[in-house]
1. Under the condition of being within 13 Å of B:GLN245 (Cα to Cα) and of a type in the set (D, E, K, R), which residue from region B:270-307 is most open to solvent (accessible area, probe 1.4 Å)?
2. Keeping to region A:45-86, report how many residues are of a type in the set (Asp, Glu), closer than 22 Å to A:LEU160 by Cβ and outside any loop (DSSP other than H, G, I, E, B).
3. So which of B:GLY139, B:GLY170, B:GLY121, B:GLY163 is without any contact (Cβ under 8 Å) to a residue 60 or more places away in the chain, closer than 21 Å to B:PHE213 by Cα and not hydroxyl-bearing (Ser, Thr, Tyr)?
4. Has region B:139-152 got at least one residue that is within 16 Å of the chain's Cα centre (by Cα), closer than 22 Å to B:ALA9 by Cα, polar (S, T, N, Q) and more than 14 Å from every other protein chain (Cβ to nearest Cβ)?
5. One residue is enough: does region B:27-49 have a residue meeting the conditions within 14 Å of chain A (Cβ to nearest Cβ), without any contact (Cβ under 8 Å) to a residue 40 or more places away in the chain and surrounded by fewer than 21 Cβ atoms within 10 Å (Cβ to Cβ)?
6. Under 7 Å between Cβ atoms, at least 6 apart or on separate chains: pull out the pairs that start in region B:92-112 with a residue that is within 9 Å of chain A (Cβ to nearest Cβ) and end on any residue that is open to solvent by 20 Å² or more (accessible area, probe 1.4 Å).
7. State whether one or more residues within region B:135-145 are open to solvent by 50 Å² or more (accessible area, probe 1.4 Å) and in contact with an Asp or Glu (Cβ under 6 Å, 6 or more places away or on another chain).
8. Being outside any helix (DSSP H, G or I), touching a strand residue (DSSP E or B) at 6+ places or on another chain (Cβ under 6 Å) and not acidic (Asp, Glu): is that true of A:ALA111 here?
There are 2 protein chains.
Amino acid sequence: MKRVIVTGASGFIGRYTLPQLVQAGFEVHAVSRHPDPEPCEGVFWHHINLMDEQSVATLCSSIEASHLLHLAWYTEHGEFWHADENLDWVACSLHLLKYFVHHGGQRVVMAGSCAEYDWHGVGLCSEEQTPCNPATLYGVSKHALHQVAAAYCSNHQVELVWGRVFFLYGPGETGSRFVPAVINGLLQQEIVPCSSGQQVRDFMHVADVAEAFVALLASEVCGAVNVASGESCRLREIGEEMMRQIRGRGVVEFGALLDRQGDPAVLTADATRLCDELGWRPTYSLEQGLAETIAWWKQRQEKYDAN
Amino acid sequence: MKRVIVTGASGFIGRYTLPQLVQAGFEVHAVSRHPDPEPCEGVFWHHINLMDEQSVATLCSSIEASHLLHLAWYTEHGEFWHADENLDWVACSLHLLKYFVHHGGQRVVMAGSCAEYDWHGVGLCSEEQTPCNPATLYGVSKHALHQVAAAYCSNHQVELVWGRVFFLYGPGETGSRFVPAVINGLLQQEIVPCSSGQQVRDFMHVADVAEAFVALLASEVCGAVNVASGESCRLREIGEEMMRQIRGRGVVEFGALLDRQGDPAVLTADATRLCDELGWRPTYSLEQGLAETIAWWKQRQEKYDAN
């Protein structure tokens, strides 16, 4: 029986992985601090604080999972890059990994980040060729965790996949981030101030990101793998597509805000490992994904207006 | 008032730092798990388990130290290279650092290791030129901690020195390690089996290692600094010097044991930063240091024989 512990299970990516994991034949043990996540058939919920080492030890010993999908981290928009919480997440991730392995764990997938790569080089990030040289505490912390986890798993003959997440969007995203902020502004007929929009990024629908993680977990691929579509575009194009689809009086004003300091002009992913080794492709086009996301926010707004 | 928390205070290096720290004008708060360390005038002892986050938080909030000298780690001879405990020490070191900084800490010195360097390259390890590419879980863990600590301290304008320890010896060392194993074997008139002895290493007396750490703590130097003499010799020469000084019927049989797998032929330190930037030099010659160490073991043996 494949039995998986999923952390961050009520988070943006996590909640999308749950039905997919059930579908893939896993007995799913979802971990969340939040007491009332949306129910999902076939999922066992565990409401624990991952910062509490004793709770983590008890969880791992009671479940004896074969698989671990570790998505939880501190992700407060704008804050997470330099937050002290990054230290806590390195520490609790190491505890989690240790107890998981001590109780028979065999295969681990953890969420890394494109922020681990050296952003000063060329824009295309390759797992094997682009050096890691993170410029933020978040990137440094993820990268440090990867190194320790890789050495530890190697000592214990446990398989490790380190899935480096790039950019994502979709229903359920925190409202202050780029895509939802633009959608909501446009739906409210506002002028939405944005940065230059010249930044080239690899954006992927969150359901596809979740599907890639589940596919990685169920596969035999190991090591660092970029979790991205391999196709990229300017933020401006994404903004213009949202304007095209919403067609109201709202408008995105590119250049009204400064670009975030240290943000590279081009940050895109070499998705060869995901595509060729895993044989996986995203389902959503950007057009479809944005349409679905816009519909979700519209529905939410209607619900809100009705109350 | 300069107030320092010293971890690993009853350990091999730690116990030598205490009188030196008092001498240097620090109010010294020594942390150890052991209930009965040797008394040292002017030192306040705190018997806590650093693995217990709450104890660490309470310690840091009650002391409000300006300085932190973090020497504690898992060091069981032969075991520490690949021990799971390395993960716990990364985790608890991050907690310690966070609480120290939250309670006003200003300057941190932590013990790193020559095991962080890439041992496949040239034998001379330079802080600025030799890449870090650790081959063991111990080296990976120390290196990962350094990266996170450096990014975190930089965010908080806290000064960090990362002192990479090379090889050390002296009174009080664990009996199973090279120097004491040879001394005790020779004192017992035994044939002491050793590896080839061809390995070139930078050995420094533990009192000098401690003095270098205290000097670093009291200085304004920052970043990675090799804690080593800058002079090196073959293990064989150290063995021969011990035979010369003990002059008994015992003999060191080089080549009787295999060299440790993965051990580099030459592993020496560029000590320019310590010597030129800090202006520090070791006190002991190898000859003097070994003489003192042999005398210490002789005295111990006499005490043992008398009981």
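1. Looking at residues that are within 13 Å of B:GLN245 (Cα to Cα) and of a type in the set (D, E, K, R), I get B:GLU287.
2. Number satisfying all stated conditions: 1.
3. Of the residues listed, the single one that is without any contact (Cβ under 8 Å) to a residue 60 or more places away in the chain, closer than 21 Å to B:PHE213 by Cα and not hydroxyl-bearing (Ser, Thr, Tyr) is B:GLY139.
4. Looking through region B:139-152, none of the residues is within 16 Å of the chain's Cα centre (by Cα), closer than 22 Å to B:ALA9 by Cα, polar (S, T, N, Q) and more than 14 Å from every other protein chain (Cβ to nearest Cβ).
5. Yes, because at least one residue in region B:27-49 is within 14 Å of chain A (Cβ to nearest Cβ), without any contact (Cβ under 8 Å) to a residue 40 or more places away in the chain and surrounded by fewer than 21 Cβ atoms within 10 Å (Cβ to Cβ).
6. Close Cβ pairs (under 7 Å, with a partner that is open to solvent by 20 Å² or more (accessible area, probe 1.4 Å)) amount to B:CYS92/B:MET51; B:HIS95/B:GLU53; B:LYS98/A:ASP84; B:VAL101/B:HIS156.
7. Checked region B:135-145: no residue is open to solvent by 50 Å² or more (accessible area, probe 1.4 Å) and in contact with an Asp or Glu (Cβ under 6 Å, 6 or more places away or on another chain).
8. Taking the combined requirement at face value, the residue satisfies it.
The values are calculated or read from the model by the stated rules, or taken from the named source; none is laboratory data. Note that the structure is predicted; figures quoted are calculated from it, not measured. Note that each Cβ is placed from the backbone with ideal geometry, even for glycine, and that neighbours are counted across all protein chains shown. In case anyone asks, the SASA skips ligands and DNA or RNA and just uses the protein heavy atoms, side chains included. Shrake-Rupley method; radii C 1.70, N 1.55, O 1.52, S 1.80 Å.
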